[in-house]
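The values are calculated or read from the model by the stated rules, or taken from the named source; none is laboratory data. Predicted model only: the values in this text are computed from it and were never measured. Please note: Cβ atoms are built from the backbone with ideal geometry, for glycine as well, and neighbour counts cover all protein chains shown.
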Amino acid sequence: MTEGAVYEVSESTASAAWIDESGYFSLYEQSVSNPEAFWGEQGKRIEWFKPYSEVKDVAYGPGDVHIRWYGDGTTNVAHNCIDRHLAEKRDTTAIIWEGDDPADSKHITYGELHEQVCRLGNALKARGVKKGDRVTIYMPMIPEAAYAMLACARIGAIHSVVFGGFSPDALAGRVQDCASTCVITADEGLRGGRKVPLKANTDKALESCSDVDTVVVVKRTGGDVGWKDGRDVWYHEACADVSADCPAEEMNAEDPLFILYTSGSTGKPKGVLHTTGGYLVYAAMTHHYVFDYHPGEVYWCTADVGWVTGHSYIVYGPLANGATTLMFEGVPNYPDASRFWQVCDKHKVDIFYTAPTAIRALMREGEDPVKSTSRSSLRLLGSVGEPINPEAWEWYHKVVGDERCPIVDTWWQTETGGILITPLPGATPLKPGSATRPFFGIKPVLVDADGAVLEGATEGNLCIADSWPGQMRTVYGDHERFIQTYFSSYPGKYFTGDGCRRDGDGYYWITGRVDDVINVSGHRMGTAEVESALVAHPKVAESAVVGYPHDIKGQGIYAYVTLIAGEAPSEELRKELVGWVRKEIGPIASPDLIQWAPGLPKTRSGKIMRRILRKIAEDDFSNLGDTSTLADPGVVNDLIDNRMNKA
Ligand code: 6R9
């Protein structure tokens with residue numbers, strides 16, 4: 001591998017794609033020089049019940065922050081993702097579902113999708129769910145998860161999908177925060193041959209959520225579940241009893257579509273709010289151009305619907321475009337490390353979109369599990385969730401894509417609703433490890449710590465100078481926190497929380513989070529959340545959590561723990577604490593390393609010096625900086641001597 005390798009766009013790719021390089025430059029130029037005209041035109045990608053006359057109404061502060069797109073138009077997301085396609089695609093596959101067990105799969109046509117979503121919409125209405133109500137979806141990767149999202153959209157309810165790997169406590173916090181009245185779940189999930197007790201977790205969570213009067217339960221495994229009469233209803237029974245005709249509610253463009261909780265650097269997870277019109281326009285448009293989707297192709301995004309990638313690029317973007325989207329219940333290494341590629345062959349997947357952590361894990365298994373499959377249907381590969389290291393990029397390109405498929409390394413966030421920095425397959429020469437160039441309408445700027453805008457080849461904090469239709473509108477129930485988190489560090493700009501380098505060709509290289517958010521296997525985790533789980537343990541006095549480089553996960557979770565006086569460290573306690581965090585938050589938050597810390601490095605004002613803790617966790621303490629201002633400089637040497645990540 002050569003440092004700084006560039007992969008040019010092949011002639012055949014460029015000519016078959018929606019956009020080639022000169023097309024990109026001219027459309028980008030139009031998009032940023034006249035956003036009103038550009039987005040006014042792009043809004044027509046979706047069908048409106050009442051057309052908009054306003055396009056953009058945005059204030060990025062200081063003071064007032066509001067974001068409105070297509071503000072006087074009305075439409076419905078489910079109508080656009082389903083009904084609009086029925087005339088031509090009633091019998092075309094909308095969703096290919098591939099079960100955890102390789103013998104289990106099915107095709108759902110747009111006609112079937114319509115019936116399922118209408119029935120569930122009516123079932124929810126029959127239980128009193130109405131426009132504006134919040135519905136929490138806690139589901140495995142089964143088609144009913146997509147039906148549930150679309151049924152909410154159809155009747156105007158706001159969904160909040162909670163990842164099925166989250167604990168009862170984490171679920172309860174999210175149900176309470178948005179005051180959901182209804183939860184849709186399954187008896188059990190199935191992943192890698194193992195059962196996940198979703199209904200039991202829901203029952204536990206709801207002990208502290210008195211507003212919930214309806215729990216709809218999909219029978220997935222048929223396992224035993226507890227039952228609360230009056231509250232619980234089987235999905236199949238509720239849907240059998242109602243009509244298959246459910247008109248799509250007329251929604252204003254700015255009516256909420258969904259809430260999705262995501263971790264920040266402080267406090268509880270934030271309820272990121274996305275609305276109807278702009279979100280759908282942006283999801284559809286990015287799916288069309290970034291994946292260069294052409295009718296008839298099979299598109300597979302391996303994310304879970306519990307994350308934003310599952311929202312925008314399994315459900316809403318692809319279905320808005322009338323695509324065939326594949327939904328996978330399982331995991332990459334079950335029954336064996338060939339599974340992804342076997343699924344590609346089985347369903348003739350054209351476009352495959354996954355996360356670097358999966359690539360790195362599969363890379364460890366060697367080339368044989370890949371090479372035993374054909375993958376001849378693949379023409380485009382994608383990456384999302386964290387920076388992809390050039391080694392993993394090269395392996396993905398060479399071994400998985402047989403050097404034939406371009407890779408789109410797509411940078412974006414829960415907050416952005418859709419992809420903001422990315423190659424376009426027909427337009428962008430690729431550099432392994434770089435998300436390359438901004439998408440249409442996106443103006444990235446790099447600023448220094450004081451907010452001064454940096455020009456040319458440089459490195460700084462990544463902000464976006466102007467709004468785009470897919471941007472989040474607020475933090476649910478806390479607009480002040482929205483302003484504080486995203487618009488106060490660098491007034492007048494949206495601050496992403498990421499660091500970034502721009503090279504001499506204007507390519508962007510994301511360097512990772514600059515705040516106290518860590519990225520574990522592509523999942524965002526607030527260090528503060530893990531810390532508060534740890535200190536909730538009766539034997540823990542204090543804790544500080546940082547990320548450290550991890551071969552597979554990208555970042556691992558490194559926890560420094562100070563025990564209360566009289567408690568002694570032990571291997572047993574270490575295991576107990578790991579189990580405790582899993583229970584409090586979920587398995588994705590399990591600390592990889594726990595170091596017993598008699599003390600933590602603090603300033604005299606009592607602030608924990610995380611920079612020092614990060615360095616020690618990285619096994620790099622050559623450059624700790626000035627520690628003389630610490631309240632007790634001695635603790636640093638102890639932490640170094642007993643560090644857990646020695647090379
Ligand atoms: C879509 C998603 C967002 C954070 C983001 C950044 C990191 C995502 C990336 C990437 C480098 C990429 N990130 N994609 N970093 N290259 N292609 O992952 O949303 O879960 O909210 O995470 O993930 O740090 O700020 P989300």
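Can you work out which of the residues in segment 602-643 that are within 24 Å of Glu572 (Cβ to Cβ) and out of contact with any helix residue (DSSP H, G or I) (no Cβ under 8 Å at 6 or more places or on another chain) is surrounded by the fewest Cβ atoms within 10 Å (Cβ to Cβ)?
Filtering segment 602-643 for residues that are within 24 Å of Glu572 (Cβ to Cβ) and out of contact with any helix residue (DSSP H, G or I) (no Cβ under 8 Å at 6 or more places or on another chain), the one surrounded by the fewest Cβ atoms within 10 Å (Cβ to Cβ) comes out as Asp641.
Among the numbered criteria (1) surrounded by 24 or more Cβ atoms within 10 Å (Cβ to Cβ); (2) closer than 28 Å to Leu257 by Cβ; (3) more than 12 Å from the ligand (Cβ to nearest atom), which one does Phe340 miss?
Single failed check for Phe340: (2).
Spot the failing condition for Lys348; the list is (1) within 20 Å of Gly296 (Cα to Cα); (2) within 13 Å of the ligand (Cβ to nearest atom); (3) of a type in the set (D, E, K, R), and only one is missed.
(2)
Please pick out the residue among Pro387, Pro425 that is buried (at least 23 other Cβ atoms within 10 Å of the Cβ), in contact (Cβ under 8 Å) with a residue 60 or more places away in the chain and in a loop (DSSP other than H, G, I, E, B).
Testing whether each residue is buried (at least 23 other Cβ atoms within 10 Å of the Cβ), in contact (Cβ under 8 Å) with a residue 60 or more places away in the chain and in a loop (DSSP other than H, G, I, E, B) leaves just Pro425.
Could you grab me the full set of residues in segment 408-428 that are under 30 Å from Ile259 (Cα atoms), among the β-branched types (Val, Ile, Thr) and in contact with a strand residue (DSSP E or B) (Cβ under 6 Å, 6 or more places away or on another chain)?
Passing the criteria: Val408, Thr410, Thr414, Ile419, Ile421, Thr422.
For Gly599, state whether it is more than 28 Å from Ser521 (Cα to Cα) and either aromatic (Phe, Trp, Tyr) or surrounded by 14 or more Cβ atoms within 10 Å (Cβ to Cβ) (or both).
yes
Within segment 509-551, which residues are in a helix (DSSP H, G or I), within 15 Å of the ligand (Cβ to nearest atom) and either under 17 Å from Leu593 (Cβ atoms) or assigned by the TED database to the domain that holds Asn461 (or both)?
Within segment 509-551, Thr527 is the sole residue that qualifies.
Taking segment 226-266 on its own, how many of its residues are within 16 Å of the ligand (Cβ to nearest atom) and assigned to a loop (DSSP other than H, G, I, E, B)?
Of the residues in segment 226-266, 4 are within 16 Å of the ligand (Cβ to nearest atom) and assigned to a loop (DSSP other than H, G, I, E, B).
Being part of a helix (DSSP H, G or I) and under 28 Å from Thr202 (Cβ atoms) narrows it down to one of Glu115, Glu88, so name that one.
On inspection, the qualifying residue turns out to be Glu115.
So in segment 371-390, with the set limited to residues that are under 20 Å from Gly497 (Cα atoms) and of a type in the set (A, V, I, L, M), which one is farthest from the ligand (Cβ to nearest atom)?
Ile388
Output the residues belonging to segment 343-384 that are over 22 Å from Ile96 (Cβ atoms), touching a residue at least 40 places away in the same chain (Cβ under 8 Å) and surrounded by fewer than 23 Cβ atoms within 10 Å (Cβ to Cβ).
Selection gives Arg360, Ala361, Arg364.
Scan segment 414-424 and tell me whether some residue there is closer than 30 Å to Ser372 by Cα and either among the basic types (Lys, Arg) or more than 14 Å from the ligand (Cβ to nearest atom) (or both).
yes
If a residue has to be among the hydrophobic types (A, V, I, L, M, F, W, C) and in a helix (DSSP H, G or I) to count, how many in segment 188-225 make the cut?
Summing the residues that are among the hydrophobic types (A, V, I, L, M, F, W, C) and in a helix (DSSP H, G or I) in segment 188-225 gives 4.
Based on this model, can you work out whether Val578 counts as within 30 Å of Ile359 (Cβ to Cβ), among the β-branched types (Val, Ile, Thr) and in contact with a strand residue (DSSP E or B) (Cβ under 9 Å, 6 or more places away or on another chain)?
In short, yes.
Scan (1) under 23 Å from Glu584 (Cβ atoms); (2) out of contact with any Phe, Trp or Tyr (no Cβ under 7 Å at 6 or more places or on another chain); (3) not in a loop (DSSP other than H, G, I, E, B) for the single condition Thr185 breaks and write down its number.
So the condition that Thr185 fails would be (2).
Is there any pair linking a residue in segment 471-498 that is farther than 20 Å from Gly526 by Cα to one that is in a loop (DSSP other than H, G, I, E, B) and at pLDDT 95 or above, with Cβ under 6 Å and at least six apart or on different chains, and which?
Between residues of segment 471-498 that are farther than 20 Å from Gly526 by Cα and residues that are in a loop (DSSP other than H, G, I, E, B) and at pLDDT 95 or above, the close pairs are Tyr490/Gly451; Lys493/Ala465.
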